Amino acid sequence: MSNTRNGAARKFLGALLCTFAFTACQPGPEASPGEEAPQTPETETGEQPVVYGNDDRKDVFEHTDATLRARAEQATVALMSPSDFNATNPNNVTFNGPNLGTYENLCTNQRFRTDPTAAWCSGTLIDDDLVLTAGHCVETAADCRNTRFVFNYYRTSATALKTVTTADIFSCQSIVVQKLETTGGRDLDFAILKLDRSAAPRFTPAPVRAGNTALASGANVAVIGSGSGIPFKIDSGGSVRTPNATTLDYFVATTDTFAGNSGSGVYETAGHTLAGILVRGDTDYVRSGSCYVVNTCSETGCGGEEITYVNNAITALCQASTSTRLCGSGPPPTGGSSFTFSASNTASATTNTANKTVALTAGQKITLGTCGVTGASVTGDSFLRLFGPSGGEVASNDDECGGRGSKLTFTATAAGTFEVRAGCYSSGACSGTVAWTLEGGGTGPTPSNGSFTYTGSATNSAQTGTTNRDITVAAGQSISFGTCTVAGSTGTGDTYLRLYNSAGQQVTSNDDSCGALSYANYTVPAGAGGTYQVRAGCYGSTSCTGTVAWTVQ
């Protein structure tokens, strides 16, 4: 087939969009040697780099971080066109086109030269049927129809690829949300796409970083995707260079990323949650005689790679659609006593807001504001709204404290998770810190219990293909769950259970509590109530069945 693919055209279009639409998007989209027009001109110090310091890219099988390997194996997709692969044998899909060495005319000393180059963008599974990627990867309904999402595109050894079947390939049903524009001085580039069917339970969505706060300067980040179109690579050697805490549209980091990494998931490695989407970067390869080599730069030099904060996409999703996993209790985290925000064009806090959830007990009063509360601050004209557990608005405020700050009080008549939404009056821009205090409160939520049955096999110790159950718990409550010990529980085989909090982070797990069966107990910390998830599977690659029973009190 021809070496010119849709991906190449889209990379070039991305460069043109950056040139004409983004006022502050240097460096531009990743480019390949065959795409001379978008490349950054040479300067006295050479072309801009794409590898910072050492080339930290590793194949999935060789990376030492088990959680990042799981993210690659379970939540990462390669975006391809139907012509990029051959599915004649549905049990062994092969990939068309040249290898990387040929496609990029690489010199013989370059890494990954024998890898196939089938992908033109990357993405991350964030719900059972939703993929997050860059906005410039899939812009139109026609792009969507021509896009396939391919899981398991990675190496299992230096000489072997993971077998891909047609069950691992999904079509694009629709574009749920998509932005590729500069709005209110913020550069936004993201898309969330709906698959033609659920990817669960064979694949597991990546947990999304909660909240709308900037990453810390110097924080370690990892990126997973198909740079230059090749099978997934993990680079965990990047760090945040510029957090952009004021605009919170994107951050700049020193990830080793290439064309094809557009749309790649970028994780904060402290908690392994998805923090951003790789969207823009520098020239990939530079000429060395008659061939090309990877462009390099020091860790502190050159422009860095630009990564859209994930909260921008999640906020847009929850305003346009529904997702129990991502929007059931609001996209941001529970807990704390304040959060910072920067917003514009929020139509008086009805769209594009910064959100956070707070668990209240019956009779508890919350006082919150951008003024009049210790720790609160505001620049511009803020607007606050408070929503109850059922999703309805229960209180709001525009101008308080003798100015353009906002302050409100509300007393909960029943326990539940409430959501604070911070924005600005009308179409203006504002920023600040929303702070709150809690007073009083009666008894907590009524104790509850339940159970669910499951059958599992080859779940990799409850990390893939699990049976899941969401359970609402409040701060201070304890949840006990198991295939043994809890009344009504049963199990056959070697069961394995894990518990994840509302931010998608594992908080406890158990393998063998009662022989080969499992039991665990967890008490929810202050400010960390919300929807938790029990995931049931089997030890290693074994098979098992059981009834998971749980109590909350």
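Since every read-out is calculated from the coordinates, none of them should be taken as a lab result. Worth saying up front: this structure is predicted, and the values here are computed from it rather than measured. Cβ sites come from the backbone with ideal geometry, for glycine too, and all protein chains shown count toward neighbours.
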*asked:* Please give the Cα centre distance for the stretch 416-489 versus the stretch 66-136, rounded to the nearest Å.
replied: 35
*Check cross-link reach from residue 356 to the lysines: straight Cα distance under 21 Å, and skip same-chain residues fewer than eight apart.*
365, 407
*asked:* Through the Karplus equation 6.51 cos²θ - 1.76 cosθ + 1.60, θ set to phi - 60°, convert the phi angles of the stretch 526-533 into ³J(HN,Hα) values in whole Hz; use x for Gly and Pro.
replied: 4, x, 10, x, x, 8, 9, 10
*asked:* Could you work out the relative contact order of the stretch 422-553? I mean the mean sequence separation of Cα pairs under 8 Å and 6+ apart, divided by the number of residues, in percent.
replied: 38
*Cα centroid distance between the stretch 311-327 and the stretch 227-281, in Å?*
21
*Net charge near residue 73: determine it from the other residues with C-beta under 15 Å of the C-beta of residue 73, scoring Lys and Arg +1 and Asp and Glu -1.*
+3
*For the stretch 71-149, with equal point scatterers placed on the C-alpha atoms only and solvent neglected, what are the log10 I(q)/I(0) values from the Debye formula at q = 0.26 1/Å, to two decimals?*
-1.23
*Provide the packing ranking of 357-364, 375-382, i.e. peptides ordered by the mean count of other C-beta atoms within 10 Å per residue, highest first.*
357-364, 375-382
*Spherically averaged projected area of the stretch 157-234 from its Cα convex hull (nm²)*: 8.5
*Step through the residues of the stretch 102-118 one at a time and calculate ³J(HN,Hα) from phi using the Karplus curve (6.51 cos²θ - 1.76 cosθ + 1.60, θ = phi - 60°), rounding each to whole Hz and writing x for Gly and Pro.*
6, 4, 9, 6, 7, 5, 5, 8, 8, 6, 6, 5, 8, 5, x, 10, 7
